[in-house]
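The values are calculated or read from the model by the stated rules, or taken from the named source; none is laboratory data. Note that the coordinates shown come from a computational prediction; the quantities given were computed from them, not determined experimentally. Every residue, glycine among them, receives a Cβ derived from its backbone with ideal geometry; neighbour counts consider all protein chains shown. Ligands, DNA and RNA are excluded from the accessible area calculation, which covers all protein heavy atoms including side chains. Shrake-Rupley method; radii C 1.70, N 1.55, O 1.52, S 1.80 Å.
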Amino acid sequence: MSAESPRFSVVIPLYNKEGQIARAIESVLAQTFQDFEIVVVDDGSKDRSADVVAGYADPRVRLHRQANGGVSVARNRGVELARSDTVAFLDGDDAWVPDHLQRLDAMRAAHPDCVAWALNYYVVDVTGAKTPGVTVVSEPRLLLTPQNFFKIARHGTPVFSSAVAVNRAAIQRVGGFPPGIRLGEDIDTWIRLLFTGTILFESQPGPSYHADGDNRALVNNPPPARYVFFDTDEAWVRAHPTETQVAEDMEEFHNFFRIAHAHHQIKWGDKSAGRSVLRACKTTVFASERQRLLRMSWLPQSLYRALGRLKGKPQSATSSGAPSASAGRA
């Protein structure tokens, strides 16, 4: 990058976020660290989202319009357009606190060889209540590797799309975000990055994931039986047969998503299929939840819908219908 390049390129994928995009952009413009550009990729919005962005006179705000291709295509295009070698992502319905980029810049300075730098975050529900996304990390900072990532992630993913900055070259080397994937495309990307280098995680929460988005992924897309990152993870295990503890932690991480799929099936779809998934799920971490849902699956569906909220699920953007579920958000 040239000497005139900003320290950060902030990439915002945008699809039908007319009610939230100004909040996102304003949170960037209010940063204490001001050496950045904002690259908004409007992915064929059908509302006035792009018009809101076009109304900003600040020359650091750049708008790119394209036909709808999905959140992965939008993010990848933003990375291509970025003028910095460090890309920070922000979804159009989320927001940063004022020192977000300042903290990421300090993390990058302390560990410049990392492939990514990730902050903890808050999950904000429709009432405004805030819960930290990750609660099991006691260290102020932690270098994430396959040996600790999956143990942490089964309680809440430590890398959330609106709380991470990546080395631009590193994310391009792993192929960016996988196009055409409706759910889990971002988790797959963070894991592929993790398999090439370390990610620095800071446990103090900063940005917020807002559950009031107009187009949150799990609102429009039911959780699948199998996510794309299952394949990525299992390929790594086959290539590292001695990493048995990582394989066990990875399997429990996958079990959360299997149980979430079964829960959705019992609640809205085929109860018998949901029970089959639960019976086949070999879990220790989520054993009590598995048994609870199996018992409740025999209730009438209307009663299950009233009572069948998942207990003990990771209080993270993953479990709230985002970051892994950020598909459908752009």
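The residue of region 270-300 that is farthest from Glu248 (Cα to Cα), among those that are open to solvent by less than 40 Å² (accessible area, probe 1.4 Å) and part of a loop (DSSP other than H, G, I, E, B), is Ser297. Among strands (runs of 3 or more DSSP E) entirely within region 17-89, having at least 1 residues that are in contact with a strand residue (DSSP E or B) (Cβ under 9 Å, 6 or more places away or on another chain) and in contact (Cβ under 8 Å) with a residue 40 or more places away in the chain singles out 36-43, 86-89.
Name the residue that is least open to solvent (accessible area, probe 1.4 Å), counting only residues in region 43-52 that are over 12 Å from Val71 (Cβ atoms) and of a type in the set (Asp, Glu).
Looking at residues that are over 12 Å from Val71 (Cβ atoms) and of a type in the set (Asp, Glu), I get Asp47.
Every test in (1) within 17 Å of the chain's Cα centre (by Cα); (2) open to solvent by less than 20 Å² (accessible area, probe 1.4 Å) is passed by Arg154 save one, and that test is (2). Among the conditions (1) crowded, with 18+ Cβ neighbours inside 10 Å; (2) assigned to a helix (DSSP H, G or I), Ile181 misses just one, which is (2). The listed residues are Gly213, Gly175, and the only one of them that is in a loop (DSSP other than H, G, I, E, B), out of contact with any Phe, Trp or Tyr (no Cβ under 9 Å at 6 or more places or on another chain) and either open to solvent by less than 10 Å² (accessible area, probe 1.4 Å) or modelled with pLDDT of 85 or more (or both) turns out to be Gly175. Taking the stated definitions as given, is Asp249 among the acidic types (Asp, Glu), assigned to a helix (DSSP H, G or I), surrounded by fewer than 17 Cβ atoms within 10 Å (Cβ to Cβ) and at pLDDT 95 or above? Considered against the rule, which asks whether it is among the acidic types (Asp, Glu), assigned to a helix (DSSP H, G or I), surrounded by fewer than 17 Cβ atoms within 10 Å (Cβ to Cβ) and at pLDDT 95 or above, Asp249 comes out as no. Checked against (1) open to solvent by 10 Å² or more (accessible area, probe 1.4 Å); (2) without any contact (Cβ under 8 Å) to a residue 60 or more places away in the chain; (3) within 27 Å of Glu243 (Cβ to Cβ); (4) not β-branched (Val, Ile, Thr), Pro146 meets all criteria but (2).
The condition of being within 26 Å of Thr232 (Cβ to Cβ), free of Cβ contacts under 8 Å to residues at least 24 places away in the same chain and touching a helix residue (DSSP H, G or I) at 6+ places or on another chain (Cβ under 6 Å) does not hold for Val115. For region 186-198, enumerate the residues that are open to solvent by 10 Å² or more (accessible area, probe 1.4 Å) and either part of a helix (DSSP H, G or I) or of a type in the set (Phe, Trp, Tyr) (or both). Of everything in region 186-198, those that are open to solvent by 10 Å² or more (accessible area, probe 1.4 Å) and either part of a helix (DSSP H, G or I) or of a type in the set (Phe, Trp, Tyr) (or both) turn out to be Arg192, Phe195. Filtering region 119-136 to residues that are open to solvent by less than 50 Å² (accessible area, probe 1.4 Å), under 15 Å from Ala95 (Cα atoms) and within 13 Å of the chain's Cα centre (by Cα) leaves Leu119, Asn120, Tyr121, Val123, Gly133. Of note, Phe201 does not satisfy the criterion of being at pLDDT 95 or above and assigned to a helix (DSSP H, G or I).
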